[in-house]
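Below is one structure; the comments refer to it alone.
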Amino acid sequence: MAQPVEDVRTSTGGCPVDHHGFEPFTQKDPFPAYARLRADEPVMYDERIGYWVVTRYHDVKAVFEDWETFSSENAQAPVRARGPQATQIMKDGGFTAYSGLSARVPPDHTRIRAIAQRAFSPRRFKAMEPGIRESVKRALADMLAAPDRTGDFLVDVAYTIPTVTILTLLGVDPAMVPTYKRWSDSRAAMTWSDLSDEEQIPHAHNLVEYWNEMQRLVAEAHADHRDSLIGDIVAAQDAGGEISDHEIASICYSLLFAGHETTTTLMANSIRVLLSHRASWDALVADHSRIPAAMDEILRYSGSIVAWRRRATKAAEIGGVAVPAGADILLVMGSANRDADVFDDPETFDIGRENARSHLSFGFGIHYCLGNMLAKLQNRIMLEETTAAVPSLRLADGADIDFRHNLSFRVPTSVPVTWEA
Ligand code: HEM
């Protein structure tokens, strides 16, 4: 059973600590270890990362909900301390970016979210639907033109579309996709990966470039009042909204990462999981009205973000286990989503599952994902178009899909596919 922090740190007496098979950065198949943790030590202190790992649904949800006891201030902190060279590069480059929203705490979070939320208007998303559909159709046609009838769905379809969408939404030239992908990869690696000091150096340069561009975008939006999400926030500021240019640039810095990485992964996982469960794929081919419910089950079964962070603002209890003030906490939504206390037969993928929407893949409470509607809109369009264009799509023979090394983002490295002539 889990023990209070003092006992955990002193009770091993030099013996190896049992982590129940949990490897914080290994994402290929974390689910058996999650199940062992839920059963044997649902609140476990993992000294390798310095986090309390929480794996049961009700505990994860309760921590998300209680933002006063469990603040999100560590949500964007580097899991591994920044090395001296990277720190110097970022200092010299004037890097002062802070989280747009997810690591902010009330009252700042409440103030900024209220302004940002207004810019996330359904009207703006609706207007983007035809453009997104066209992009999906074009990407599919290009992939299906391959003479050997093989492709990588991740690269050919999922990679670019969400990035073009978020760039367009923010009024950025879509030709910048490769640059933003480079910056975003660095953002994911620098914050949630296990890099050596040496490995951090190129990423530090990328983050300096990325942040400088965010500040330029805000200055540009002030000058040209363009019709974009940044333009809306700048206009709100002009109208008296209490938000600084640095805060707007930080929102851009967050959105131009969060707004596509996770949706690319959702698209890749949708195809990977559905093609691994042929009857479900065939059901969607036959009936597009089942797509929205299937997407909830995909998010439950294989979410883009499997773990998110919080910090205890005071001594507290999680699931009956005492955690000290200042404790760093890893909420494993990938595990919570497979908790049999909430989901019947949780290891089974079932697009007819009635309570699939109760998944925690978008978080819960005051930080609940602002972009969830946009992510689902794009994924629905992608599934409608793909099931219609290529019902015979299947995973390539022998495809053994690997996942990136990361604490939070469970990202497949490829989704090899093939299809009938
Ligand atoms: C499948 C796609 C996505 C997933 C799985 C996802 C997941 C998440 C999660 C887990 C959080 C933290 C919630 C918490 O702390 O309680 C979050 C927050 C956030 N997400 Fe998403 N997200 C996705 C797509 C998007 C998109 C497309 C956008 C923007 C266009 C976006 C913008 C945000 C923002 C701004 C926040 C911070 C909200 C706050 O702290 O108030 N996300 N998301």
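Each value in this text was obtained by applying a stated rule to the coordinates, not by laboratory testing. The shown structure was predicted, so the numbers you read here are calculated from the model rather than taken from an experiment. Here Cβ is always computed from backbone atoms with ideal geometry, including for glycine, and neighbour counts include all displayed protein chains.
Descriptive notes on the structure:
- Cα→Cβ-extended label distance, 7 Å offset, between Ala322 and Lys126, nm: 5.5 nm
- Inter-centroid distance (Cα atoms) of the stretch 372-401 relative to the stretch 256-334, Å: 17 Å
- Segment Gln85..Ala239, full-extension length gain: 51.2 nm, with 0.36 nm per residue of separation and the alpha-carbon distance subtracted.
- Sum of side-chain charges, Ala103 neighbourhood, beta-carbon under 14 Å (Lys, Arg +1; Asp, Glu -1): +2
- Cα gyration tensor shape for the chain, rounded if a/c is under 1.5, else prolate or oblate: oblate
- Computed [θ] at 222 nm, helices only, for the chain once each DSSP H run of length n ≥ 4 contributes -39500 (n - 2.57): -15500 deg cm²/dmol
- Annotation: amide H of Val323 within the under-5 Å range of Ala316, Glu317, Ile318, sequence separation 5 or more or interchain, hydrogens built in the peptide plane.
- Förster radius 41 Å - calculated FRET efficiency between Glu47 and Glu384 (Cβ-Cβ, nearest 0.05): 0.30
- Net charge of Cβ neighbours under 9 Å - reference Val411; Lys, Arg +1; Asp, Glu -1: +1
- Separation of the stretch 54-126 and the stretch 186-218, taken as the distance between their Cα centroids, equals 16 angstrom.
- In this structure, Ser196 and Ala286 have a Cβ-Cβ separation that, at R0 = 41 Å, corresponds to a calculated FRET efficiency of about 0.20.
- Judged by the ratio a/c of the largest to the smallest principal axis of the C-alpha gyration tensor, the stretch 105-145 counts as oblate, that ratio being 1.5 or greater while a/b is no larger than b/c.
- Placing +1 on the Cβ of every Lys and Arg and -1 on the Cβ of every Asp and Glu, with no other charges, gives the stretch 5-418 a dipole of roughly 660 debye about its Cα centre.
- Mean Cβ count within 10 Å, highest first, over the residues of peptides 405-417, 116-128: 405-417, 116-128
- Over 31 Å (Cα to Cα) - which of Lys91/Lys376; Lys61/Lys91; Lys137/Lys181 fall in this group: Lys91/Lys376; Lys61/Lys91
- 14 Å beta-carbon shell around Leu393, net charge (K/R +1, D/E -1): -3
- Multiplying the residue separation of Leu144 and Trp419 by 0.36 nm and subtracting their alpha-carbon distance yields 98.2 nm.
- Positive-end residue, the stretch 5-418 charge dipole about Cα centroid, Cβ charges, pick of Val323, Ala62, Asn212: Asn212
- Summarising the label geometry, the points placed 7 Å from Cα in the beta-carbon direction at Arg278 and Ala223 lie 5.8 nm from one another.
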